[in-house]
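Remarks on the structure that follows.
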Amino acid sequence: MKTIRDINFKNVKALIRVDFNVPLNEKFEVTDDTRIRAAIPTIRKVLNDGGSAILMSHLGRPKGGFDQKYSLKHVLPALQASLPNTVIHFAADCIGPQAEEAAAALKPGEVLLLENLRFHVEEEKGDTLFSQQLASLGNFYINDAFGTAHRRHASTAVIAEFFKDRKALGFLMAEEVKNIGRVLENIERPYVAIIGGAKVSSKINILKNLVDKVDHFIIGGGMVFTFIKAQGGQVGNSLVENEMLEDAQNILELCVKHGVKFHLPVDSVCSDKFGEDGIIKVMDTHQIESGFMGLDIGPKAIEQFRQVILSAKTILWNGPMGVFEMETFQKGTQMIGIAIADATEKGAFSLVGGGDSVAAVNKFNLATSISYVSTGGGAMLEFMEGIKLPGIAAIES
Ligand code: AMP
């Protein structure tokens, strides 16, 4: 894998695609600078070598054209705080004369932040001319934005065509690729993949891609009930995707074929309402009473899953076990997170990825007890589905 570790950036103007798509409050202040801080090691490497860094990113979802709400100018104070004593310039457009002049005047050790790439609709279209205009600003390309690596946009993939062998993955991207690689190849066994979340349809390709790799699947969340129905169980009012019953059946058959143990929760915390003010009962997951829906895994399931997790040497977790946003239905997700933390302490490698599971890990303060927490939602999911991400492929080609 080509990374920046062994490259000397002296007098190089490195164009770095970063992910500064950070949350802002109503005063346009950055409320969580995690993504900015995550890009600093790569920026510092370039600057410390005696090069300069031209940073490009998107912010939010502008409709095309300038919109001050989404200006990257808002992230300048947070970026400066992460890079004290560094001169940081800002160009009010990411291409054209302003960007070109600012890039040309950039001195070694300095940083130039370009305005939001998505003020040009050409960015998301992967337009070649726009990519070439961006490429002309620097003489080396680094992609360090894992969150957009699954998109074939101008700044994430197409631009790489203009840099032949003068391109590499940044430290953050390289870490993602290395860690996600540990749950896809050269796996230490037993390997337990815990897949939860609302729907089977959004996780089916991950299940298919992992079925010949894992030893155990643990299934939680709303997707449980499509499998239960496919097995002939009674699901009451629980979330079911009837159009996925055949796919669910296929997964069950593939698990038998590959000798994978498929664990569904033996019991579930159920309610007669999708809310916290209904009648709450624990029921056998195969026999949910009519009028009730399963909204979390039950106490027996927590113990059942915990034992499997503690036996693992490799653990992947994507998707919550229940409606963890509501206190009444958060225990399953929390306890599974704790079991993963305990297995990690015993020596297992654990990786958590995908928006809601990362939110859950943070909610229960477990992030530091997990081996690796992936920063990419959609990108991580597509990687797990076995798709070659355009942002990575463009560096490798
Ligand atoms: P996903 O984005 O597919 O990972 O799904 C996450 C969402 O699934 C969360 O917002 C949860 O509230 C929801 N969820 C988890 N368990 C259930 C359930 N048993 N029934 C309905 N929704 C659920």
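The values are calculated or read from the model by the stated rules, or taken from the named source; none is laboratory data. Worth saying up front: this structure is predicted, and the values here are computed from it rather than measured. Note: accessible area is taken over every heavy atom of the protein model, side chains too, but ligands, DNA and RNA are not part of it. Shrake-Rupley method; radii C 1.70, N 1.55, O 1.52, S 1.80 Å.
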Exercise. Quick one: pull the percent of accessible area on segment 13-173 belonging to carbon and sulfur, 1.4 Å probe, ligands and nucleic acids left out.
Key: 50 percent
Quiz item: Can you work out ³J(HN,Hα) from phi for every residue in segment 179-190, in order, using Karplus 6.51 cos²θ - 1.76 cosθ + 1.60 and θ = phi - 60°, giving whole Hz and x for Gly and Pro?
Solution: 6, 5, x, 5, 9, 10, 8, 6, 7, 7, 9, x
Quiz item: Any idea of the accessible area per residue across segment 182-384, 1.4 Å probe, to the nearest Å²?
Solution: 41 Å²
Self-check item: Under the Karplus curve 6.51 cos²θ - 1.76 cosθ + 1.60, θ = phi - 60°, whole-Hz ³J(HN,Hα) for segment 335-350, x wherever Gly or Pro sits
Solution: 5, 5, x, 5, 4, 5, 4, 5, 5, 5, 4, 6, x, 6, 8, 10
Practice problem: At 1.4 Å probe size, with no ligands or nucleic acids counted, give the accessible surface of Val22 in Å², nearest ten. | Solution: 10 Å²
Exercise. Rounded to the nearest Å, what's the spacing between the alpha carbon centres of segment 29-108 and segment 142-177? Just the number, please.
Key: 17 Å
Exercise. Straight distance only, please: which lysines reach the Cα of Lys300 with their own Cα at less than 17 Å, same-chain residues fewer than 8 apart left out?
Key: Lys281, Lys331
Practice problem: Could you sort out which of Lys178/Lys346; Lys313/Lys363; Lys45/Lys167; Lys125/Lys203 sit more than 19 Å apart by Cα distance in this structure? | Solution: Lys178/Lys346; Lys313/Lys363; Lys125/Lys203
Self-check item: Within the chain, helix-based [θ] at 222 nm, where runs of 4 or more DSSP H residues each add -39,500 (n - 2.57), nearest 500
Solution: -10000 deg cm²/dmol
Quiz prompt | Accessible area (Å², 1.4 Å probe, nearest 10) - Arg151 | solution = 100 Å²
Practice problem: Would you please classify the overall shape of segment 182-384 from the alpha carbon gyration tensor, given that a ≥ b ≥ c denote the square roots of the eigenvalues, rounded means a/c under 1.5, and beyond that prolate means a/b larger than b/c while oblate covers the rest? | Solution: oblate
Exercise. Translational diffusion coefficient, Stokes-Einstein: compute it for the chain using the Kirkwood radius over C-alpha pairs as Rh, at 37 °C and 0.692 mPa s, and state it as an integer in µm² s⁻¹.
Key: 146 µm²/s
